[in-house]
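Undergrad: I am attaching a structure below and will ask some questions about it afterwards.
The values are calculated or read from the model by the stated rules, or taken from the named source; none is laboratory data. Bear in mind that the values here come from a model prediction, so they are computed numbers and not experimental data. With ideal geometry, Cβ positions are generated from the backbone for all residues, glycine too; neighbour counts draw on all protein chains shown. Side chains are part of the model used for accessible areas, which takes the heavy atoms of the whole protein and leaves out ligands, DNA and RNA. Shrake-Rupley method; radii C 1.70, N 1.55, O 1.52, S 1.80 Å.
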Amino acid sequence: MTASVTIGEFSRLTHLSVKTLHHYHEIGLLAPARIDASSGYRRYETTQVPVAQLIRRLRDLQMPLAQVRAVVEAPDVQTRDQTLRLHLDQMERELAQTRDVVASLRSMLTLPVGELAVEYRFVPAFRAYAVTDRVDRDSIDDWCASTFGLLGEIAGRQGINATAGATYGDEFFTEDVGEVVGFLPVAPDQPAIDRVALVDLPASYFAITRHDGPFKDFDRTYGALGSHVAEYCEVAAGPIRELYLVGPGDGVDETEFRTEICWPIQRIPTPKG
């Protein structure tokens, strides 16, 4: 049985304020069942209560109004449930990211930065299979998963035993999008193959430190190494390199990741004193 109620009563039934109900009416999300032509009073039907409750819960989940509309106006249950599922998946990813940031902040508050171990190393020029792209910082995880999955597949097929890495151009840091080169060192006479390029990476001196653990605190190691280079070395032009001694492709927990960060310098500094 359906009953007609005033907007005030509907507000009590749904816990949506009259102001909110007015707004939802104006944007066509939840219209009253009818409007009195002479008074302009809005009236709702009790059959609209479940829809209003659904809208309220979706907004409590911070679902954008466009997505709420897609759920409410879904032509069938399957379409509605798929829209809800996608939003819940996104919320779970955001929650995981929030937990990572909270854990990182707690470590900054409770764990002092240890003394940085820096090694100076000359790396000769070498040939590598490479994948080069202009990558957005927000997409770097997906890009690395795809790129190093491919390079790992090639290494296994070709019997290559080498540490893969990547170079990051300055714009990747300064503009949040820039050239990234994923590489796998190979022998000088390695033949060309499909899907990757053969490139020659130039020789350079580097100040190198190792980052142990997940990538969420990468910026702290970068900051410490970059500060060391600024204080004790002459910075050289060229992209920063990362070498993935143990990484996502090795089937280990992220706490076991081991990454060398290689900062280009002009020469090995002379010890003071």
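Undergrad: Return the equivalent ellipsoid semi-axes of region 143-205 as a descending list in whole Å, where each equals the square root of 5 times an eigenvalue of the C-alpha gyration tensor.
TA: Calculated on Cα positions only, the semi-axes equal 23, 15, 10 Å.
Undergrad: Counting only other residues whose beta carbon sits under 13 Å from that of Thr163, what net charge do I get with K and R as +1, D and E as -1?
TA: 0
Undergrad: Further question: Please state the equivalent ellipsoid semi-axes for region 35-169: what are the square roots of 5 times the Cα gyration tensor eigenvalues, largest first, in whole Å?
TA: Semi-axes, largest first: 52, 23, 13 Å.
Undergrad: Treating only the Cβ atoms of Lys and Arg (+1) and Asp and Glu (-1) as charged, compute the dipole magnitude of region 1-105 about its Cα centre; round to the nearest 20 debye.
TA: So the dipole magnitude of region 1-105 works out to roughly 260 debye.
Undergrad: Additional query: Specify the residue with the greatest mean-square fluctuation among Ile35, Ile208, Ile55, computed from a Gaussian network of the chain linking alpha-carbon atoms under 10 Å apart.
TA: Maximum among the listed residues: Ile35.
Undergrad: Could you please state, rounded to a whole Å, how far the C-alpha centre of region 17-57 is from the C-alpha centre of region 212-273?
TA: Taking the Cα centre of each part, region 17-57 and region 212-273 sit 58 Å apart.
Undergrad: Something else about it: Sum -39500 (n - 2.57) across every DSSP H segment of at least 4 residues in the chain, then divide by the residue count to get the 222 nm mean residue ellipticity, nearest 500.
TA: Helix-only estimate at 222 nm: -13000 deg cm²/dmol.
Undergrad: Charges on Cβ only, +1 for Lys and Arg, -1 for Asp and Glu, centred on the Cα centroid of region 1-91; of Tyr24, Met91, Ser38, which one is farthest towards the dipole's positive end?
TA: Positive-most Cα among the choices belongs to Ser38.
Undergrad: For a quick check, take a GNM of the chain with Cα springs below 10 Å and name the residue from Val131, Val18, Val246 with the largest mean-square fluctuation.
TA: Taking springs between Cα atoms under 10 Å, the residue moving most is Val18.
Undergrad: Between Val229, Val177, Val72, which gets the highest mean-square fluctuation from a Gaussian network model of the chain, Cα cutoff 10 Å?
TA: Its mean-square fluctuation being the largest, the pick is Val72.
Undergrad: I'd like the accessible area for Ile7, computed on protein heavy atoms only with a 1.4 Å probe and all protein chains in place. Round to 10 Å², please.
TA: That residue has around 30 Å² of solvent-accessible surface.
Undergrad: Right, another one. Once the piece of chain linking Tyr120 and Asp189 is laid out straight, how much longer is it, given 0.36 nm per residue of separation minus the C-alpha distance between them?
TA: 22.0 nm
Undergrad: Let me spell out the model: positive unit charges on the Cβ of Lys and Arg, negative unit charges on the Cβ of Asp and Glu, origin at the Cα centre of the chain. What dipole size does that give, in debye rounded to 20?
TA: 960 debye
Undergrad: Can you work out the PRE-style zone for Gln266? Point 7 Å along Cα to Cβ, and I want the residues of region 202-225 with backbone N under 15 Å.
TA: 205-207, by backbone N distance to the label point.
Undergrad: Mind computing the radius of gyration and Dmax over the alpha-carbon atoms of region 202-273? Å is fine for both.
TA: Computed over the Cα atoms of region 202-273, radius of gyration and Dmax are 13.5, 45 Å.
Undergrad: Based on the mean of other Cβ atoms within 10 Å per residue, sort peptides 63-69, 155-161 so the most packed one is first.
TA: So the order, starting with the most tightly packed, is 63-69, 155-161.
Undergrad: Counting alpha carbon pairs within less than 8 Å and at least 6 residues apart, what relative contact order, in whole percent, applies to the chain?
TA: The value is 16 percent.
Undergrad: So for Lys216, Lys19, what's the accessible-area order with a 1.4 Å probe, most first?
TA: The ranking, largest first, comes out as Lys19, Lys216.
Undergrad: Now a separate question. Any idea what the dipole of region 231-273 comes to, in debye rounded to 20, about its Cα centre with Lys/Arg Cβ at +1 and Asp/Glu Cβ at -1?
TA: Taking the Cα centre of region 231-273 as origin, the dipole is about 380 debye.
Undergrad: Next question, about the same structure. How compact and how long is the chain, expressed as Rg and Dmax of its alpha-carbon atoms in Å?
TA: Cα only, the chain: 28.3, 94 Å (Rg, Dmax).
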